[in-house]
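**Q** The structure that follows is given in the form of structure tokens.
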Amino acid sequence: MAFIEEMKPSTYLIRVFVKPNSKRQEIAPIHLEDDYLTVYLRSKPIHNKANKELLSIIKKKLHKWTSSIEISSGLKTTNKIIQLKVEKKVTKKEILNLLKN
């Protein structure tokens with residue numbers, strides 16, 4: 001789970017590698033030793049469409065706990081850092097399990 005980092009009890013950072021303009025929209029299989037969470041996006045990286053699609057996917061997966069999701073770094077690159085603020089105490093393992101499903 002190297003790609004998930006707890007900053008505060010209610011704030012996490014998730015390192016993401018996006019592959020825009022893909023034929024499928026999905027989160028790649030997750031391995032605990034990965035440095036990045038790989039996400040395939042159908043949108044092209046034009047007019048912020050891929051970023052919006054990425055945030056939409058993450059919101060759908062973590063809908064139960066999130067109060068705020070935003071891209072804190074990497075708006076114009078394929079390597080991004082997503083800041084996730086949660087409403088209640090959540091562990092990295094719980095976040096990982098929701099992202100896998």
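**Q** Among the DSSP beta bridges whose two residues both lie in the range 4-100, what percent are antiparallel, rounded to the nearest 5?
**A** Looking only at bridges with both residues in the range 4-100, the antiparallel portion is about 85 percent.
**Q** What is the magnitude of the charge dipole of the range 4-100 about its Cα centre, with +1 placed on the Cβ of each Lys and Arg, -1 on the Cβ of each Asp and Glu, and no other charges, expressed in debye to the nearest 20?
**A** That gives the range 4-100 a dipole magnitude of about 420 debye.
**Q** Any idea which of Ala50, Ile27, Leu99 is furthest toward the positive side of the dipole for the chain, if Lys and Arg beta-carbons carry +1 and Asp and Glu beta-carbons -1?
**A** Result: Ala50, furthest along the dipole toward the positive end.
**Q** Sort Glu53, Glu70 so that the residue with the fewest other Cβ atoms within 10 Å of its own Cβ comes first and the one with the most comes last.
**A** Glu70, Glu53
**Q** Kindly state, to the nearest 0.05, the FRET efficiency for Lys49 paired with Leu13, given R0 = 25 Å and r defined as their beta-carbon distance.
**A** Taking R0 as 25 Å, the efficiency between Lys49 and Leu13 is 0.60.
**Q** Quick one: angle between helix 49-61 and the longest Cα principal axis of the chain, in degrees between 0 and 90, rounded to 10, please.
**A** Helix 49-61 sits roughly 30 degrees off the main axis of the chain.
Rule-based calculations on the coordinates, nothing more; no lab input. Everything numeric in this text was worked out from a predicted model, so none of it was measured. So basically every Cβ, Gly included, is an ideal-geometry build from the backbone, and we count neighbours across all protein chains shown.
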